[in-house]
Amino acid sequence: CDCFFVSAPQLDVVFAAMRGQLAALAIAAVVIIVGVPLWWRTTETYRAWLPVSQIKELAYMQLQLSADVEVVFARGTVTPEQQKKVPLTQTQDEEHTVDAAFTSLDTFFCVTTGSNFSVSCFFSLEADLSLHMLSESPCGSLVVYVIPESSSLLAQDVDVYIGQRRTAFLRIGAQMRAVRTLEQLLAHLDPQLKQVLQVMSFSHSDIIAALSDRVRLSPGTKESMADSMRAFKSSPGYEITFSLLNPDPKSHRLHWDIEGAVQTYIQPLLTKLAPVANFSIDSQTLYYAMLGVNPRFDSSRGAYTLNSDSLAHVINPVEARLGSNAASSNPVLNFLLYVPDAHHSPLYIHDHKKQEVASNAFHSPRWGGIMVYNVNSFYGAEAELPVDVNINMAKVMGVFLAQLRLLLGVQSSSPPPGFLVAPCGTAGLADWELDRLMWSRSVENVATATTTITSLAQLLDQIGNIVINDNIAVQVSNAVTSLQLAVAELEAGNLGFALQYSKEAILASERAFFDPSLLHLLYFPDDQKFAIYIPLFLPMCVPILLSLLKILSETRQKRREKQAKRD
């Protein structure tokens with residue numbers, strides 16, 4: 001037999017080569033089995049679950065608004081036979097499409113009518129109060145009392161009286177005398193009821209105005225949307241600042257009871273608007289504050305004038321002196337009372353027709369209003385400077401209250417012919433005006449929250465490296481749930497709950513969209529990842545790869561040698 005003898009040094013070389021191969025294989029196995037999964041797990045982007053399917057459904061959502069209108073027939077308007085045939089409920093649907101390609105929202109109007117059979121007649125204001133105390137209508141609903149033609153409740157030239165609450169009186173016209181059937185009576189009342197609904201509740205123009213920032217307006221529509229562009233957009237809160245500008249404190253010493261005036265004239269309105277938003281009020285007095293525009297002297301009138309073309313240049317110089325509340329992100333409504341100095345007094349504002357503005361004030365859309373208060377009558381021949389001036393706060397607050405209504409979106413449109421609208425009362429806002437504002441705010445909040453959530457979902461879908469934390473997922477889910485509840489409440493006609501849910505939806509959507517963890521500095525694009533990982537892994541991976549290649553080469557070489565020996 002043949003015997004082979006291997007020396008000890010050769011055995012050491014063989015064992016050393018085997019140990020090197022085993023070490024390289026062990027390191028490679030640890031890196032592949034343990035290191036790579038551990039690195040992948042610890043460096044992967046955490047993305048919490050989002051209700052993507054429900055968010056996509058929001059893009060095709062159809063918004064349905066429902067208003068309950070109860071029609072009450074007074075004695076003498078229907079016969080006993082017709083009373084028996086009056087339907088308890090009647091539903092009318094009207095569809096309005098609002099640029100669905102841009103807003104992805106279709107609006108539907110649903111009006112539900114009910115009926116009763118008797119009502120007593122008083123004077124209109126007393127009847128409005130008495131009927132309101134008798135049966136208070138819920139928020140978002142209306143009650144229309146149909147009275148006979150011979151009733152003395154309304155004046156002869158008034159066909160419809162709209163009260164301060166949620167009630168209206170509708171007089172049956174002379175053309176209804178020949179009506180014999182109940183169907184004909186209801187057909188004659190239907191156009192007038194729709195007019196009452198458009199004045200006291202919502203209309204197609206109100207929905208367009210609420211979505212003015214999200215729909216494409218035709219050239220003919222832009223002029224009619226001036227009111228919507230004037231009002232502030234919906235917000236959870238507003239800051240109201242009253243400023244007294246005294247450019248010449250050496251000539252007059254001004255005294256204004258702003259605290260008492262706010263409590264008397266402004267606070268009742270803000271209390272009534274509490275369901276819509278929160279308000280905070282502050283005031284300040286600025287000395288040596290000029291308008292920044294030199295008024296022109298009109299010798300024919302013996303006064304200084306500010307033309308409408310120069311009013312746009314008044315705000316910027318004054319705004320620099322107003323300051324801002326950095327602690328709050330709410331919109332600020334500025335109301336400025338400017339008292340001209342003695343050298344430019346009296347000062348009057350002229351409109352586009354070169355006529356004096358009765359209130360001597362103007363307002364800027366989504367900013368505030370400015371009123372010029374002349375005190376030239378206090379300067380006498382023997383007056384000692386500075387002259388003490390007590391400002392008539394009732395006059396000033398009347399102007400500011402009207403501007404505040406416009407800036408908050410309380411529309412004061414002209415009623416149709418034959419309509420008489422009751423004054424809004426001490427609160428500065430009728431109940432049906434509040435409902436109309438709440439309808440607009442609810443629709444606007446739903447549209448804003450829907451746009452925010454869908455935009456966020458598209459952003460997160462396009463950029464897969466953004467971290468989605470659990471708190472963001474919670475806010476998105478809360479926003480989607482609140483949106484669904486708001487839409488359901490609008491469809492059911494529950495205006496108060498719909499507005500509350502819409503406010504919760506917009507707050508949750510904005511918290512999710514502007515979360516700091518979504519900033520672009522908190523995630524890395526692929527090129528930055530390679531720049532970080534290559535210097536870290538390349539020095540470690542190159543020796544391991546070379547060792548594996550060497551082991552593979554030696555293994556192939558041994559297989560060739562064995563095959564050669566067999567051959």
Original post:
Quick one: which of 23-36, 235-248 comes out on top by average Cβ neighbours within 10 Å, and what's the full order, highest first?
Top reply: 235-248, 23-36
Original post:
With every protein chain left in place, what is the accessible area of Asp157 in Å² (1.4 Å probe, nearest 10)?
Top reply: 120 Å²
Original post:
Using 0.36 nm per residue, how much length does the chain from Thr271 to Arg41 gain when fully extended, once their Cα-Cα distance is taken away?
Top reply: 77.3 nm
**OP:** Counting only C-alpha contacts under 8 Å and six or more residues apart, can you give the relative contact order of region 233-408 as a whole percent?
**Re:** 32 percent
**OP:** Order Val474, Val318, most accessible first, counting only protein heavy atoms with a 1.4 angstrom probe.
**Re:** Val474, Val318
**OP:** With a 10 Å radius around each residue's Cβ, average the other Cβ atoms per peptide and rank 300-310, 62-72, 341-351, highest first.
**Re:** 62-72, 341-351, 300-310
**OP:** Please list Arg559, Arg366, Arg405 in order of solvent-accessible area, largest first, computed with a 1.4 Å probe with all protein chains present.
**Re:** Arg559, Arg366, Arg405
**OP:** When a/c is below 1.5 the answer is rounded, else prolate if a/b is larger than b/c, else oblate, so apply that to region 233-408 with a ≥ b ≥ c taken from the square roots of the Cα gyration tensor eigenvalues.
**Re:** prolate
**OP:** Show Met290, Met397 ordered by accessible area, largest first, where the area counts protein heavy atoms only and the probe is 1.4 Å.
**Re:** Met290, Met397
**OP:** At 1.4 Å probe size, with every protein chain present, just tell me what the per residue accessible area of region 399-445 comes to in Å².
**Re:** 32 Å²
Original post:
Given the protein chains as shown and a 1.4 Å probe, how many square angstrom of Trp39 are accessible, to the nearest 10?
Top reply: 80 Å²
Subject >> Pairwise centroid distance, computed over Cα atoms, of region 366-431 with region 285-349, Å >> reply: 16 Å
Subject >> GluC sites (Glu not before Pro) restricted to DSSP loop in region 365-441 with at most 16 other C-beta within 10 Å >> reply: Glu382, Glu384
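The values are calculated or read from the model by the stated rules, or taken from the named source; none is laboratory data. As the structure is a computational prediction, the values presented were derived from the model and not from experiment. Note: ideal-geometry Cβ built from the backbone for every residue, glycine included; neighbour counts use all protein chains shown. The protein model used for the area step is the full one, side chains on, heavy atoms only, and it has no ligands, DNA or RNA in it. Shrake-Rupley method; radii C 1.70, N 1.55, O 1.52, S 1.80 Å.
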